[in-house]
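Structure, as structure tokens:
The values are calculated or read from the model by the stated rules, or taken from the named source; none is laboratory data. It should be emphasised that the depicted structure is a prediction, and the values quoted were computed from it without experimental measurement. Neighbour counts are summed over all protein chains in view; Cβ atoms, including those assigned to glycine, are modelled from backbone coordinates with ideal geometry. These accessible areas exclude ligands, DNA and RNA; they are computed on the full protein's heavy atoms, side chains included. Shrake-Rupley method; radii C 1.70, N 1.55, O 1.52, S 1.80 Å.
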Amino acid sequence: MLDYYYKLTSKCEKLFNTLLENRLKRGKESDIRLSERKGRSTLPRPTGTLIWIHAASVGEAQSTLILIDTISKQQADIKFLVTSGTLTSAQLMADRLPENAFHQFYPLDYPDWTNSFLNHWKPDLILWMESELWPNMLMQIKNRNIPSILVNARLSKKSYHAWKLFSGSAKKILSTFTLILTQTKTDELRFKNLGAKKVITTDNLKYSAAPLPYSDKELQNIQNIIKNRPTWVFASTHDGEEFLACKIHDILVKKMPDLLTIIVPRHPERRDDIRKTCRAMNLPHTFRSDNTNNQKTPPEANTQIYVADTLGELGLFYKLTDIAVIGRSFSNDGGGGHNPIEAAQLGCAVLTGPNIQFQQQLFDEMFAANAAHQVRDKSDLLKQLQTLLTDAATRTKAITHAIEFSKTKTGVIDRVMENLTPLLTPLTNKERSDAA
């Protein structure tokens, strides 16, 4: 199967180029950095030891930050290359990576492009985050004998059964990794059943991530405008959830005339569709990006729907409000959920919809600790929101449980590092040898 995949993709350069062109037209690629997606790097390789961390999207990118910080404290001379495939994650990395780390877009899995990428960067160690497995890249890594670790690994039931159909290929691809560190025991068992050798459960690294950053100045500015208005945020929304937020707002505002609903879309480029939704429902709305001078527009006194369509500011809106509904749990794509820990860390009562299959283990632990609440359907969401918005005691209790739970999960990075350190030691020795 792998040989067939290689032969097929090696003949599809035109198809890969067309894919990139279509993504560029849809605003999903950077025109000035498109060459990176073809394996042509726009930065020189730094001298010395280089660790490459691949994080597919925003969620994985968040977890790389604590890894970089912790490893850097052990060995300050190591440099980090971080790759991802989305504009949002690229912006996040640009804002938050330390001086010893830099970002490049991950190349599409066309053999010549992945080969060019590896020829240029020559990483000394690779940390691959979570679950995105690209055969051509991984086989080239294996052939070059580059030490590689799959960190915070997860494997959904659907993906597991899909890989079982090609068990021989799965075993060969997974043999690229010296070590696999999984989020759950279920993930560990699935990887072992696919032929992976050394697999250890360390829990979800997202638990150990530092709280999302926010600007105190921006926070104070918005607080001065909205004052004591009842406020809630629908975070990381996908298609269908903005309509739901507006619909719920339209009902609740009749009982709470000064209600402010904040929508933070997962993909800001969907702003035109969101604008149409707000206009169709005749709801006074403000988009944070609506300023010709590239300034961020705050809500106005009469704003009912505030759309925070900027990048890297989710922490600001978690800090601003006491109630957060986690997106992609009601979305039209079948859902899957997003990370709720970020909301808990910044003092939000956490609600989620029914579709959380991608975050099930994380949510199950929060449910057991009363640190999050799952609503059955849209009418249940309306009911729970109304309770939290109007009942201060219930809201405070939910916030307290969420914060306390987030504090109990800060030790995951220690378990990850226990397993990574033996593989980092040779890099430390190499760095010292090169310096001598």
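Remarks
- Positions within the range 337-352 being within 11 Å of Ala235 (Cα to Cα) and open to solvent by 10 Å² or more (accessible area, probe 1.4 Å), in sequence order: His338, Asn339, Glu342
- Applying the criterion of at least 2 residues that are free of Cβ contacts under 8 Å to residues at least 40 places away in the same chain and over 21 Å from Val253 (Cβ atoms) to the strands (runs of 3 or more DSSP E) found wholly in the range 264-352 leaves an empty list.
- Taking the range 102-154 as the range and being open to solvent by 10 Å² or more (accessible area, probe 1.4 Å) and in a strand (DSSP E or B) as the test, the residues that pass are Phe102, His103.
- Inclusion of Ile32 among residues that are hydrophobic (A, V, I, L, M, F, W, C), open to solvent by less than 60 Å² (accessible area, probe 1.4 Å) and out of contact with any Lys or Arg (no Cβ under 9 Å at 6 or more places or on another chain) is not warranted.
- Matching residues, the range 191-210, being at pLDDT below 90 and either surrounded by fewer than 20 Cβ atoms within 10 Å (Cβ to Cβ) or over 19 Å from Ile149 (Cβ atoms) (or both): Ala210
- On inspection, Thr425 fails the criterion of being assigned to a helix (DSSP H, G or I), in contact with a helix residue (DSSP H, G or I) (Cβ under 8 Å, 6 or more places away or on another chain) and either within 15 Å of Gln345 (Cα to Cα) or among the hydroxyl-bearing types (Ser, Thr, Tyr) (or both).
- Here is the figure for the range 80-95: residues that are out of contact with any Lys or Arg (no Cβ under 9 Å at 6 or more places or on another chain), open to solvent by 40 Å² or more (accessible area, probe 1.4 Å) and either hydrophobic (A, V, I, L, M, F, W, C) or modelled with pLDDT of 90 or more (or both) total 1.
- Filter result (under 29 Å from the mean Cα position of the chain (by Cα) and without any contact (Cβ under 8 Å) to a residue 40 or more places away in the chain) within the range 1-33: Leu15, Asn17, Thr18, Glu21, Asn22, Arg23, Leu24, Lys25, Asp31, Ile32
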